[in-house]
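Heads up, the thing below is written out as structure tokens.
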């Protein structure tokens, strides 16, 4: 699965989960250490704005600690994710360099990072809100292959990912991805 398709798939998986998340669930804990649903949504909304700006070649600004969820988590999410989707659709050159707060990389890498992040956080949200989540196996396998290379000890030390968790060799691909991302599936 190519990186643009991965990113589109990630958005398609996360969007209905966000749309079905109730306001009374925003304070529920998620599998992502120390984040409630509101924190996770804030991260995803901020990421949508960040990746959109990076793909458009714009400077990335704003307060990283700002509350981006606001009073309407769905509207805030759709505003961010629509901007990301538009920037994604306008990106034809996957070799162009994209500058993000944590480094400059080819768009192909930035898109795989965004897609994998959205995939893992989709699972987090599904677990916190009791929603079903069944992503396509080919997408999960592509994200897992990317994360095995991209999720380094430096990223774990910076707090971007938790320590890898043990998982059986014959575990399903989603369990392997989640364990590698620091989750206990």
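Read the figures in this text as sums done on the coordinates, not as results from a lab. In this text, all values refer to a predicted model and were calculated from it rather than measured experimentally. Cβ placement follows ideal geometry from the backbone for every residue including glycine, while neighbour counts extend to all protein chains displayed.
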### Query
What FRET efficiency do you get for residue 67 and residue 137 if R0 is 41 Å and r is their Cβ-Cβ distance, rounded to the nearest 0.05?
0.70
### Query
What's the center-to-center distance, using Cα atoms, between segment 91-106 and segment 118-185 in Å?
23 Å
### Task
At 7 Å along the Cα-to-beta-carbon direction for both residue 36 and residue 23, put a label point, then send me their distance in nm to one decimal.
1.4 nm
### Task
Please work out which option in (1) 12.4; (2) 14.7; (3) 9.8 gives mean projected area of the Cα convex hull in nm² calculated from these coordinates, and answer with its label.
(3)
### Query
Using a simple spin-label model with points 7 Å from Cα along the Cα→Cβ vector, what separation in nm is obtained for residue 60 and residue 165?
2.7 nm
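So what is the relative contact order of the chain, in percent, for Cα pairs below 8 Å that sit 6 or more residues apart?
It comes to 26 percent, rounded to a whole number.
Please give the peptides 30-43, 50-63 ranked by average Cβ packing (other Cβ atoms within 10 Å per residue), highest first, as a rough proxy for protection. Walk me through the numbers before you get to the answer.
Values: 30-43: 19.1, 50-63: 15.9.
Output ranking for 30-43, 50-63: 30-43, 50-63.
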### Task
Return, ordered by residue number, the residues of segment 61-86 whose backbone nitrogen is under 18 Å from a label point located 7 Å along Cα→Cβ of residue 104.
61
